[in-house]
Amino acid sequence: MSKEEILKALADAVISGDDDAAVEFAQKALDAGIDPQEAIVDGLAKGMAVMGDKYERGEVFVPHLMIASSALYEGMDVLTPHIKVNSANRAVTGIIGTIEGDVHDIGKNLVKTMMAAAGFSMIDLGNDVPLENFIAAAKENKADLISVSALMTTTMTGMDKISEMLLENGYRDSLVFMVGGAPVSPQYAQTVGADGTAKDAAGAVLFAKEATSKLGPAEERWSDSKLSVTKTKYKDAVLKKKAAAGAVGNIGAESAKKVLEEYNKVGTIKAAKMTHMDRVFSALDDKKVDRLPVSPLACSVVRKLVPCSYKEYATVPEKFGDVTYAAAKYLDMDTFVGLTDLSIMANDIGAGVTIPEEDTASITTHLKDYEDIEIPEVKKGTRIYNHIMAGKDAKEKMHREETSAPFVAFHEGPLLTLTQAMGADRVLYDMKTNPGDVHKALDKITDFVCEVSTEFFDQGAADAICVDNLWSNNVIMSADQYWEFDGKYVYDRQLPIFKKYDAPYVIHNCADAVHFDIQIRKFGTSMYSYAYYEKNRDKGSKNYADLIPEYSDICCMFGEVEPIQFMNNDEQTFQNIRNDTVNLMDGVLTTLKDNGRQSKYVLSTGCEVPPEGSLMAVRTMVETVKEVGEDRYKQIIG
């Protein structure tokens, strides 16, 4: 074979996802005397570039890319050991990982693959990575780049801590610091001191190439003398940052204290015309209300009002009930969605979990084989049964006369439970290569999911159940793939349970480009909790102006104020939240009226307020709606 034929064969192996061919032609490249770096760049990487272009055009999805990347790495494993490395041709070295507390790694893995295809040497720390591990890996490998990913707003705040650690250790000028993930905006990247972010993997590669091209030689940047100078340079900045943090103190605890002080002085100013219960269920039915309901997804942060630890909130039913009651009593929220974490059901079927005292529980070890999945009975001794008992306690407390608010329970759907147990990468890869085993596992897990929903209803543990069906995302998988591997299981087997109990089907999905037609129209969903990412609007992220005209005939939408801003506890933050809330309210009401609706919307946040966020910020959103909501409703709806 000629050189050109071998390089084309390498590219084709990646495009077709053929691991064996990638290994075969990588070895042929070596045998033919082709420079291994050239074989990677002009062979394997070209194939990955083709797949990347198809992905950007929506012609292939994440499972296809994962299969292609497997072939890419198989070929690179053959070629990379033969590359002669010196300071002149050293590949750009990057450290990449998903931040501590967050196990979502699809986006991170895609960025890693695209960067590897572009010639970067990427060191993947995995997911749920302790913050200090990013710092240690950067120093050990004289890295040119750190890329930190997060999907959950509850974990994003660790990015700021990584930034501070880079300053404190003198590493900041030695590398490029990137952050990414659906909820990460350019403004947030700037706030935490990162060099930048990108809206997708292709953009991340372009940014990383440009930013790292400006760096000097690694040996100079990482020399002891340079680090010492940099450490001194940022000493004042670190001291100021620590002083500012010390002055603010524990935002959650301090803001809780303020909320309680104000409540004890003036009590809760209640809307006289409707109870929380009546307002929420009237909105579900598109009946006239006094104002739109308001309920930020402030779940674990409310524990500071009790007070109790995050672990107690997530594992002790009575504490969970106290937290939900506090949300209705002290914050006057119209309802409470009982999210604790996404590890409960996966843990019950065999995955390992860690439950910190003051952070979100997360999966630590995945199951090795689908056959290892063991479906338990939903009974005393399982975490999900404990969660159901927590819901029962919460509903009873929220139904008290002084609060009279509905409680919305929360649990994971079939595909989310499976990906938590097995790892998302593994499951998405097997959707293409081993679909039979994935379906067998989903069949078993759907039985479990249905039993959980049934037990919630039989125990009277919720006024409604919100199911997290995360993987409906037109960037990760096509509509047909989503239907095959999640949608039809929900439609055929879980939805009939909700119909049997005459209960509304509620979904939470903070993905950025959802298959709304399936999850709302096909499912007949009654309420949909969603996030809106303006940066991904061109890829299908939708806001109220898109969703109300399309789905308000059957569904009450629940969104979409950006939750990360609730981390701050100052007057400027409160004013921003007031502005965002009023703008959302006015826009929603106008759109409802234009579409012949009266109330089918709940003002909320697009995802959960971080667990160390400001309760005064949460209170600001609620009070803003109470202060101006009735007048706005009369003026616009009539």
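The values are calculated or read from the model by the stated rules, or taken from the named source; none is laboratory data. It should be emphasised that the depicted structure is a prediction, and the values quoted were computed from it without experimental measurement. Methodologically, a virtual Cβ is constructed for each residue, glycine included, from the backbone with ideal geometry; neighbour enumeration extends over all protein chains shown. Keep in mind that these areas ignore ligands, DNA and RNA; they rest on the heavy atoms of the full protein, side chains included. Shrake-Rupley method; radii C 1.70, N 1.55, O 1.52, S 1.80 Å.
Listing for the model above:
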read-out: So L442, is it under 30 Å from S69 (Cα atoms), modelled with pLDDT of 95 or more and among the aliphatic types (A, V, I, L, M); value: yes
read-out: Which numbered condition Y489 fails, given (1) in contact (Cβ under 8 Å) with a residue 60 or more places away in the chain; (2) under 26 Å from E608 (Cα atoms); (3) open to solvent by 10 Å² or more (accessible area, probe 1.4 Å); (4) part of a helix (DSSP H, G or I); value: (2)
read-out: Residue list for segment 123-168, restricted to those being modelled with pLDDT of 90 or more and under 14 Å from the mean Cα position of the chain (by Cα); value: V148, S149
read-out: Residue check, D580 touching a strand residue (DSSP E or B) at 6+ places or on another chain (Cβ under 6 Å), in a helix (DSSP H, G or I), of a type in the set (D, E) and more than 27 Å from K499 (Cα to Cα); value: yes
read-out: Count of residues meeting criterion [surrounded by fewer than 20 Cβ atoms within 10 Å (Cβ to Cβ) and either farther than 17 Å from G436 by Cα or among the basic types (K, R) (or both)] in segment 364-377; value: 7
read-out: Selected residue (only one of V609, V622 is touching a residue at least 40 places away in the same chain (Cβ under 8 Å), of a type in the set (V, I, T) and in a loop (DSSP other than H, G, I, E, B)); value: V609
read-out: Segment 382-431: number of residues that are open to solvent by less than 10 Å² (accessible area, probe 1.4 Å) and within 23 Å of P293 (Cα to Cα); value: 10
read-out: Hey, G613 surrounded by 20 or more Cβ atoms within 10 Å (Cβ to Cβ), within 24 Å of E262 (Cβ to Cβ) and in contact with a strand residue (DSSP E or B) (Cβ under 8 Å, 6 or more places away or on another chain) or not; value: no
read-out: Count of segment 169-196 residues which are more than 16 Å from the chain's Cα centre (by Cα), over 18 Å from W222 (Cβ atoms) and of a type in the set (S, T, N, Q); value: 3
read-out: Condition check for P307: of a type outside the set (V, I, T), farther than 26 Å from V602 by Cα, modelled with pLDDT of 95 or more and surrounded by fewer than 23 Cβ atoms within 10 Å (Cβ to Cβ); value: no
read-out: Which listed residue is without any contact (Cβ under 8 Å) to a residue 12 or more places away in the chain and in contact with a helix residue (DSSP H, G or I) (Cβ under 9 Å, 6 or more places away or on another chain), from N474, N469, N434; value: N434
read-out: Residues of segment 502-511 that turn out to be assigned to a loop (DSSP other than H, G, I, E, B) and surrounded by 13 or more Cβ atoms within 10 Å (Cβ to Cβ), as a count; value: 4
read-out: In segment 512-546, residue most open to solvent (accessible area, probe 1.4 Å) [restricted to those that are of a type in the set (A, V, I, L, M) and in contact with a helix residue (DSSP H, G or I) (Cβ under 7 Å, 6 or more places away or on another chain)]; value: A545
read-out: Residue satisfying all of: in segment 1-10; in a helix (DSSP H, G or I) and out of contact with any Leu (no Cβ under 7 Å at 6 or more places or on another chain); farthest from G52 (Cα to Cα) among these; value: K3
read-out: Residue count for segment 331-363, restricted to those that are open to solvent by 30 Å² or more (accessible area, probe 1.4 Å), closer than 25 Å to T446 by Cβ and either in contact with a Leu (Cβ under 7 Å, 6 or more places away or on another chain) or modelled with pLDDT under 95 (or both); value: 2
read-out: Some residue of segment 567-574 being surrounded by fewer than 20 Cβ atoms within 10 Å (Cβ to Cβ), modelled with pLDDT under 95 and charged (D, E, K, R); value: yes
read-out: Test: Y482 is of a type in the set (S, T, Y) and within 20 Å of the chain's Cα centre (by Cα); value: yes
read-out: Filter result (of a type in the set (S, T, N, Q), touching a Gly at 6+ places or on another chain (Cβ under 9 Å) and surrounded by fewer than 24 Cβ atoms within 10 Å (Cβ to Cβ)) within segment 142-194; value: T157, S163, Q190
read-out: Matching entry among D290, D286 (being under 26 Å from T591 (Cα atoms), open to solvent by 10 Å² or more (accessible area, probe 1.4 Å) and in contact with a helix residue (DSSP H, G or I) (Cβ under 6 Å, 6 or more places away or on another chain)); value: D290
read-out: The lone exception for S472 - which of (1) at pLDDT 95 or above; (2) surrounded by 23 or more Cβ atoms within 10 Å (Cβ to Cβ) it fails; value: (1)
read-out: Output for segment 606-626, where each listed residue is charged (D, E, K, R) and under 20 Å from the mean Cα position of the chain (by Cα); value: E608, E612
read-out: Residue identified as hydroxyl-bearing (S, T, Y), open to solvent by less than 40 Å² (accessible area, probe 1.4 Å) and either in contact (Cβ under 8 Å) with a residue 12 or more places away in the chain or touching a Phe, Trp or Tyr at 6+ places or on another chain (Cβ under 8 Å) (or both) among T93, T80; value: T93
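Matching residues to (1) part of a loop (DSSP other than H, G, I, E, B); (2) free of Cβ contacts under 8 Å to residues at least 60 places away in the same chain; (3) under 30 Å from D553 (Cα atoms); (4) among the charged types (D, E, K, R):
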{"site": "N264", "(1), (2), (3), (4)": "no, yes, no, no"}
{"site": "P307", "(1), (2), (3), (4)": "yes, yes, no, no"}
{"site": "E312", "(1), (2), (3), (4)": "no, yes, no, yes"}
{"site": "F320", "(1), (2), (3), (4)": "no, no, no, no"}
{"site": "Y325", "(1), (2), (3), (4)": "no, no, no, no"}
